[in-house]
Amino acid sequence: MKALVYEGPRKVTVKEMPDAKIEKATDVLVKITTTNICGSDLHMYEGRTNMETGRILGHENLGVVAEVGPGVQRIKVGDRVCLPFNIGCGFCENCEKGLTGFCLTANPGMAGAAYGFAGMGPYSGGQAEYLRVPFGDFNCLVLPPDAEEKENDYVMLSDIFPTGYHATVLAGVEPGDTVAIYGAGPVGLMAAMSANLKGASKVMVVDTHKDRLALAEKMGAIPIDDSEGNSAEQILEMTKGKGADRGCECVGYQCSCKGHEVPNLTMNNLVKAVKPTGGIGVVGVFVAEDPGSPDDLMKEGKLAFDFGSMWMKGQRIATGQANVKAYNRKLRDLIAAGKASPSQIISHELPLEDAPGAYENFDARKDGWTKVILKPAA
Ligand code: NAD
Ligand code: ZN
């Protein structure tokens, strides 16, 4: 099958790879029809992780079930399914509680497993023609009859829509809240959409890229350009000096060679921009610039910020992978009801063959390259 393979820092190629296949009785094999490039892929693409060369990337996947293992009961051949990026077993202590981003079975010794991801188990990614889905009955979200027509919306249920929503949950967003979101990348934009769905009274989105800020504004948020004056000061001014009720960190580690600001600034700005006792949800991923120990890539992801001020302000902070399965049925139903359209952030829809160039442009934050989706079957 054709697949997008990691070959080394900033080098990915599309080539023939062995076909994905059923390996265990509980596996499902999915023919991928849409698969996205994510900001999280860039941590691997830029060579900061212990990603092995020769592995297939891609954790934001949707497709049609091609085959099921003999132990699969619920999922049927022909079902159109979206696949949460975290692989859960469904029966461990964490999965039982809905904390599927921290499954204890799928990646023993480390909490959390994902497709095509460094440090998150041996699973292949879905930027390919086919994908093996472990614990298939648990890890396939069956889509409604309008699935084909709204495929570009439903594919966002694999990661960024639930992740943006998770940021608002971690921050504790409630109706009427004012919310400051750092990052107008795909995740920040989904957090803005989620805050609005939750009834926020004011959503402020910070970035320095004008094209992304324009998109945030189109989605009903107030754009804040950090290059035109400190964003925290701007937020304080907009909230009459009180600060935002909640804040979301949707930036994570950013490669400084791209001319981005020092990433730690996002946390310092959030501490400054959020009111005393307010909540801050961090979904941005902090990986090491130098991957360090190949066994534990996240351990080196340091983040220094003004903890003293956070303590004085009595703010709460919550972090982590999105537990996609905990949210995606309800978010799916919002899409089906026409009340959420995450596809509005898509800038490029391309065949799989065009993935290497798309990685390069998305990684460079080239103007207009907000979210790329790939169609392996095209
Ligand atoms: P992205 O890199 O495209 O978006 C980040 C945005 O932040 C960019 O638009 C960038 O210009 C902006 N930015 C950079 N420095 C900034 C600063 N100092 N202040 C304000 N904005 C700044 O990627 P994305 O796809 O939106 O992902 C964002 C983060 O979320 C990544 O770290 C990704 O790994 C992470 N993520 C986490 C989860 C999870 O489950 N927790 C899931 C998906 C993605
Ligand atoms: Zn992702």
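The values are calculated or read from the model by the stated rules, or taken from the named source; none is laboratory data. In this text, all values refer to a predicted model and were calculated from it rather than measured experimentally. Quick reminder, even Gly has a Cβ in these numbers, built from the backbone with ideal geometry, and neighbours come from all protein chains shown. Protein only, heavy atoms only, side chains kept; ligands, DNA and RNA dropped before computing areas. Shrake-Rupley method; radii C 1.70, N 1.55, O 1.52, S 1.80 Å.
A count restricted to the range 356-378 and to residues that are surrounded by 21 or more Cβ atoms within 10 Å (Cβ to Cβ) and aromatic (Phe, Trp, Tyr) stands at 2. When GLU16, GLU7 are checked against the criterion of being closer than 30 Å to GLY252 by Cα, of a type in the set (Asp, Glu) and out of contact with any helix residue (DSSP H, G or I) (no Cβ under 7 Å at 6 or more places or on another chain), GLU7 stands alone in meeting it.
Candidates are the residues of the range 35-55 that are buried (at least 24 other Cβ atoms within 10 Å of the Cβ) and part of a strand (DSSP E or B); the one that is farthest from ligand 1 (Cβ to nearest atom) is THR35. Scan the range 330-338 and give yes if some residue there is at pLDDT 95 or above, surrounded by 15 or more Cβ atoms within 10 Å (Cβ to Cβ) and in contact with a strand residue (DSSP E or B) (Cβ under 9 Å, 6 or more places away or on another chain), otherwise no. Yes, there is a match, as at least one residue in the range 330-338 is at pLDDT 95 or above, surrounded by 15 or more Cβ atoms within 10 Å (Cβ to Cβ) and in contact with a strand residue (DSSP E or B) (Cβ under 9 Å, 6 or more places away or on another chain).
Here the range 205-241 is the region considered, the condition is being out of contact with any helix residue (DSSP H, G or I) (no Cβ under 8 Å at 6 or more places or on another chain) and among the basic types (Lys, Arg), and the residue that is farthest from ligand 2 (Cβ to nearest atom) is LYS240. Of the residues making up the range 336-378, those that are without any contact (Cβ under 8 Å) to a residue 60 or more places away in the chain and within 22 Å of THR163 (Cα to Cα) are ALA337, GLY338, SER347, HIS348, TRP369. Among the residues of the range 237-260, those identified as at pLDDT 95 or above, surrounded by fewer than 19 Cβ atoms within 10 Å (Cβ to Cβ) and not small (Gly, Ala, Ser) are GLU237, MET238, THR239, LYS240, LYS242. In the range 12-34, is there at least one residue being among the polar types (S, T, N, Q), open to solvent by less than 10 Å² (accessible area, probe 1.4 Å) and within 14 Å of TYR130 (Cα to Cα)? Yes, some residue in the range 12-34 is among the polar types (S, T, N, Q), open to solvent by less than 10 Å² (accessible area, probe 1.4 Å) and within 14 Å of TYR130 (Cα to Cα). The residues of the range 198-214 that are more than 16 Å from THR239 (Cα to Cα) and either of a type in the set (Asp, Glu) or under 18 Å from the mean Cα position of the chain (by Cα) (or both), listed by number, are ASP207, ASP211, ARG212. Using the structure shown, decide if GLY63 is crowded, with 24+ Cβ neighbours inside 10 Å, within 20 Å of ALA336 (Cβ to Cβ) and not aliphatic (A, V, I, L, M). For GLY63, the condition - crowded, with 24+ Cβ neighbours inside 10 Å, within 20 Å of ALA336 (Cβ to Cβ) and not aliphatic (A, V, I, L, M) - is met. Across the range 195-236, the qualifying residues are those that are in contact (Cβ under 8 Å) with a residue 40 or more places away in the chain and of a type in the set (S, T, N, Q), and the one among them that is surrounded by the most Cβ atoms within 10 Å (Cβ to Cβ) is SER231. Taking the residues in the range 156-172 that are in contact with a helix residue (DSSP H, G or I) (Cβ under 8 Å, 6 or more places away or on another chain) and more than 12 Å from ligand 1 (Cβ to nearest atom) as candidates, determine which candidate is nearest to GLY284 (Cα to Cα). Looking at residues that are in contact with a helix residue (DSSP H, G or I) (Cβ under 8 Å, 6 or more places away or on another chain) and more than 12 Å from ligand 1 (Cβ to nearest atom), I get THR168.
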